[in-house]
Amino acid sequence: MLLFIVILLVPVVAVIVLGFSGWTGFDLQQIRWEGARNYWELTKDSFFLAAFRHTVVLIAATALLMNALGLAAAMVVNSRVRGSEFLRIAMFLPLGLSPIITAVIWQRMLGPFGIVNEALGWFGISPVDFFGQPRMAFIALIAAYVWQYAGYNMLLYYAALQSLPTERVEAAAVDGASKWGQFRHVVLPYLRPVVAVVVILNLIGGWKIFDIVYVLTGGGPNRATDVLATYLYEQSFTFSNVGYASAIATIIIGLAVVSSLTRRAVAGSDTA
Amino acid sequence: MSEIDRRRFLRLTGLGVAGMGLGSGLGTGLGRGVYASAAPATGDLEMWSWNGDGTYPEIHQAARAQWEAADDANGLRVTYTDFGQYVTRLKTVLAGGVPPDLVQMPWAGEYHDIIDANQLLALDDVIGAGFPALFQPIMDSLVYNDKTWAIPLDVNTLTIGYNLVAFEEAGVEVPTSLDELIAIAEPLRAAGYEPLGVSAKDGWPMGDLWFAQVAYTDQSGDAIRRAERGEISWDDDVFVAAAANVEKMAKGGLFAEGGSANDTATIVGQFATERFAMMYPVGNFLTGLIDQTSGGEVAYDLFAFPSPDGSQDSISTGGVAEMFSVPMNGENAEAAIELMRTFLSPEGLVELVDRDFIPATGDADTAANDDPIYVKMTSFQENAQTRVIYDPEVYAALTNEMTSLYNGDSTPDDVVKALADAAG
C-alpha cells in the first residue's frame, strides 16, 4: 500500500497540484500559486485546442480501423481457413515491437527516399511527401498506430469468439442466413459487450499516446499532428512551463479516468 | 599539508579566488595547476554533450587525453545524448540537483531559461584567467543579465554546399543574387540533379533559412535583438521580407525532392551520392560527415545565400558552435573550468583547427589548415551574422511556421504573425 502511495498516488497528486501553479521545473521555492489560471489559459490556447482535436480524431480513426481490422482478422483466424495462422502471427508480431521502433520503421518506409516512394516511382507516380503535408502526416500516423495495435484488438475478439455458441451460428445457417447475415444477426450481437470494452480500452490508450507521434512526426509539420501528450512535453521540457504542462497532464488523467469508469460501467451492466 | 587540509585552508582564506587571478597572469599551463590545487576534483569529471557524431568526439577525446595526462588530474567521462533528448535530460538533472560537472549548453532559448532558473555559475571572473582572448561579438552574445554563463569552444558558419561537377554539367555558375539562385534550379534538374536539399525535418534549419535572409533585409543588424526587447514588433517589415525571400525560393522550385521530410542524414546522403546538387546548411560540423559518407569522392565548395538583388556581398549566418557551462550544483566546478582551459589551450586549438573547427579565438593559427573548404569557412566568419532567437516559444513558432511556408501552406504574413503571437 505504501509502495502504491509513493510510486503512483504521490506523483499524480503532485501533478494535479502543480496544475494550479506557475513553475519552471527547477527550484521548488520558485513555485507560484496561480489558481485556475492555467486552465483558463488552456481554453484560449489554440495550439492546445488543436492538439485536443487531433487526439480525438486520432482516437476515433484508430479505434474504428483497429476494431474493424481486429474483428475481421479474428473472424478469419477463428474460421481456421488456409493462411489464418499466418494472419494471426502477422497481426500479433507488431505488438512485440516498441512504439519507437514502429515509428522508425514507418519513417524509413514512408520517408522521401523510402521504399514506398521508390515503389511509387516504378509506376511513374511522383514521390509523396508523407511527413511534409499535414494530411498525409496524419494518415501516416494513423497507419503506423493501427499497424502496431490492431493485433491487440484481434486477440481480444479472438478470445471472445472462442466462447461463441456454435449452435447459434449453425441454427442461423440452417434458417438460410447468409455469411453476412450470420455475422450481423448472431456474431455481432454476441460480441457487443466485448466491442464496447475494446473500444473503451482503445480510448484509454489513445488519450496518452506519445511515443509513436513524437518519433514519427514530432507533432509536425507545424503542429499538424500535435497531440495532447506531445504538446504537454513541449510545454514542460522545451518551454519550461511545468505548471501549464501539469494542467494538461491533469486533463489527460481526467479523460483516462472517465474512460476507465465508462469501461467499468459497461462491463458491470453486461455482467448484471 | 594533506590534500584535504589544503582544500579546507584554501576555501577558508579565499585563496581559490586568488588562484584564478594568478592563473590569469601565468597563462594556460600554470593556471591549470593553481586550479587543481585549489579544488581538486572529487572523482572523475563528468561532461555532457550532444555532439557524439562527426569529429567533435575526437576533440573531446584529445582534451581528455591531455587532461588525464596531467599529474594530479582525475579521469574524464564524456556522455553523449542525442540533441532531441539532450535538453530534457539536462533540465532534469539540473532540477534534481545532481548535474554533471561541465555541460554543453544550447545557445537558443534554453540558455536563458536555465540561467533564469539560477542553475549556472557566472564565468566572468574566470574568462580572463588562463583563457585565450575569445571573439568579443561572440562573448557579447553570451551575456545575459549582465553576466557571462558559458565559454565557447568554436564558432561556425552556415552556407550552401554545392557539387562542382553538377554545376559544371548544368553549365551554371555560383549565383550572385536570389533570382540567379532560383534560376539555376531548372538547368540542374535538366542535368539530372535535384537542386537544393534542406534538412527541414530537423526544424532549426527552417529557422536558419529565415535568419539567412534577415541578414540582408535587416540593415541595422540587430532587429532580432530589438524585437526580443519589445522595441519593434515581430511583424516588422524586415521580418516579413525575409520570409518572402524564402517563399520566393520555394515557389521558384529551388528546393529538392523530399521537401520538409528531409533531415540531415538524408540530405548528406543525397548530396554525397550526387543526387542533390546543393545542400543547406553546411557547417564545419558536417564537412567531416560529407567526406565520410562520400568516401571523399564528392568535389564540393561553399557559398553563402546571395543577397536578394545581388548588390551586397554575400553574408553567411553563424555563431557559437559548441559552448559549455558549469552547473551551479556541480561537485567539481573549478576542475571543470580547468578542463575548458584544456580545450582552449594551444594544444587544444591545434586539435580544433586540424579537424576543420574554427576556434572561438583569434589566437588560433587557422592558417595552419589549408584545406580549401576550411579556408572558405573561416573567410565567411569575417562578416557572419548571428542566428538566434532566445525566446523558445518565438523560436518554436519560427521553425514551425517556416516549415509550413516551405511546404507552400503558409505565407510570410503568417510567419510573422506566428512570431508576434508567440511573443505574446
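The values are calculated or read from the model by the stated rules, or taken from the named source; none is laboratory data. This one's a predicted model, so the numbers in the text were calculated from it and none came from an experiment. Here Cβ is always computed from backbone atoms with ideal geometry, including for glycine, and neighbour counts include all displayed protein chains.
Values for this structure:
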item: Residues of segment B:61-78 satisfying the condition of being closer than 30 Å to B:Thr264 by Cα and in contact with a Gly (Cβ under 9 Å, 6 or more places away or on another chain); result: B:Ala62, B:Ala63, B:Arg64, B:Val78
item: Segment A:1-46: number of residues that are surrounded by 14 or more Cβ atoms within 10 Å (Cβ to Cβ) and on the phi > 0 side of the Ramachandran plot; result: 1
item: Flag for B:Ala150 being more than 21 Å from B:Lys248 (Cβ to Cβ), within 17 Å of the chain's Cα centre (by Cα) and not charged (D, E, K, R); result: yes
item: Filter result (of a type in the set (A, V, I, L, M, F, W, C) and within 10 Å of chain A (Cβ to nearest Cβ)) within segment B:246-264; result: B:Ala256, B:Ala261
item: So A:Val76, is it within 14 Å of chain B (Cβ to nearest Cβ) and more than 24 Å from A:Ala229 (Cα to Cα); result: no
item: Options A:Gly151, A:Gly181; residue that is among the small types (Gly, Ala, Ser), touching a helix residue (DSSP H, G or I) at 6+ places or on another chain (Cβ under 6 Å) and either surrounded by fewer than 19 Cβ atoms within 10 Å (Cβ to Cβ) or in contact (Cβ under 8 Å) with a residue 60 or more places away in the chain (or both); result: A:Gly151
item: Qualifying residues in segment A:83-97 (those that are of a type in the set (Gly, Ala, Ser) and over 9 Å from A:Gln148 (Cα atoms)) - the one nearest to the chain's Cα centre (by Cα); result: A:Ala90
item: Extreme residue, surrounded by the fewest Cβ atoms within 10 Å (Cβ to Cβ), among residues of segment B:265-289 that are away from every other protein chain (no Cβ under 14 Å) and under 13 Å from B:Leu196 (Cβ atoms); result: B:Tyr280
item: Selection status of B:Glu393, at pLDDT 90 or above, surrounded by 21 or more Cβ atoms within 10 Å (Cβ to Cβ), over 15 Å from the mean Cα position of the chain (by Cα) and among the charged types (D, E, K, R); result: no
item: Subset of segment A:120-137 (residues that are among the aromatic types (Phe, Trp, Tyr) and in contact with a Leu (Cβ under 8 Å, 6 or more places away or on another chain)); result: A:Phe130, A:Phe131
item: Residue match in segment A:184-199 (condition: more than 14 Å from every other protein chain (Cβ to nearest Cβ), assigned to a helix (DSSP H, G or I), crowded, with 20+ Cβ neighbours inside 10 Å and of a type outside the set (A, V, I, L, M)); result: no
item: Enumeration of residues in segment A:108-121 that are among the small types (Gly, Ala, Ser), exposed (fewer than 13 other Cβ atoms within 10 Å of the Cβ) and either within 14 Å of B:Ala261 (Cα to Cα) or more than 12 Å from chain B (Cβ to nearest Cβ) (or both); result: A:Ala119
item: Test: B:Ala212 is within 30 Å of B:Gly424 (Cα to Cα), hydrophobic (A, V, I, L, M, F, W, C), crowded, with 21+ Cβ neighbours inside 10 Å and within 14 Å of another protein chain (Cβ to nearest Cβ); result: no
item: Residue among A:Gly124, A:Gly132 that is away from chain B (no Cβ under 14 Å) and either at positive phi or modelled with pLDDT under 95 (or both); result: A:Gly124
item: Selection within segment B:187-207 - in contact with a Phe, Trp or Tyr (Cβ under 8 Å, 6 or more places away or on another chain), charged (D, E, K, R) and assigned to a helix (DSSP H, G or I); result: B:Lys201
item: Segment A:24-51, residues that are without any contact (Cβ under 8 Å) to a residue 40 or more places away in the chain, within 13 Å of chain B (Cβ to nearest Cβ) and of a type in the set (Ser, Thr, Tyr); result: A:Ser46
item: Within segment B:72-160, helices (runs of 4 or more DSSP H) holding 2 or more residues that are closer than 30 Å to B:Leu181 by Cβ; result: B:136-141
item: Residue within segment B:119-131 that is within 11 Å of chain A (Cβ to nearest Cβ), of a type outside the set (A, V, I, L, M), over 30 Å from B:Asn383 (Cβ atoms) and buried (at least 21 other Cβ atoms within 10 Å of the Cβ) present; result: yes
item: Selection from segment B:375-419 of residues that are more than 9 Å from every other protein chain (Cβ to nearest Cβ), in contact with a Ser or Thr (Cβ under 6 Å, 6 or more places away or on another chain) and assigned to a helix (DSSP H, G or I); result: B:Met377, B:Thr378, B:Phe380, B:Gln381
item: Residue list for segment B:45-69, restricted to those being out of contact with any helix residue (DSSP H, G or I) (no Cβ under 6 Å at 6 or more places or on another chain), part of a loop (DSSP other than H, G, I, E, B) and modelled with pLDDT of 85 or more; result: B:Asn51, B:Gly52
item: Which listed residue, of A:Ile248, A:Ile209, is away from chain B (no Cβ under 14 Å), among the hydrophobic types (A, V, I, L, M, F, W, C), crowded, with 19+ Cβ neighbours inside 10 Å and not in a helix (DSSP H, G or I); result: A:Ile209
item: Total residues in segment B:241-278, condition under 20 Å from B:Ile182 (Cβ atoms) and either in contact with a His (Cβ under 8 Å, 6 or more places away or on another chain) or among the acidic types (Asp, Glu) (or both); result: 2
item: One residue from B:Thr361, B:Thr317 being among the β-branched types (Val, Ile, Thr), crowded, with 21+ Cβ neighbours inside 10 Å and closer than 30 Å to B:Asp218 by Cβ; result: B:Thr317
item: Any hit, segment B:62-84, residues being more than 22 Å from B:Leu344 (Cβ to Cβ), in contact with a Pro (Cβ under 9 Å, 6 or more places away or on another chain), β-branched (Val, Ile, Thr) and within 14 Å of another protein chain (Cβ to nearest Cβ); result: no
item: Residue in segment A:145-169 that is farthest from A:Glu85 (Cα to Cα), counting only those that are of a type in the set (Ser, Thr, Tyr) and touching a Pro at 6+ places or on another chain (Cβ under 9 Å); result: A:Tyr145
item: Selection within segment A:108-135 - β-branched (Val, Ile, Thr) and part of a loop (DSSP other than H, G, I, E, B); result: A:Ile125, A:Val128
item: Among the residues listed as A:Ile105, A:Ile100, the single one being loosely packed, with under 15 Cβ neighbours inside 10 Å and either part of a helix (DSSP H, G or I) or of a type outside the set (Phe, Trp, Tyr) (or both); result: A:Ile100
item: Selection within segment A:182-232 - at pLDDT below 90 and among the charged types (D, E, K, R); result: A:Arg184, A:Arg192, A:Lys208
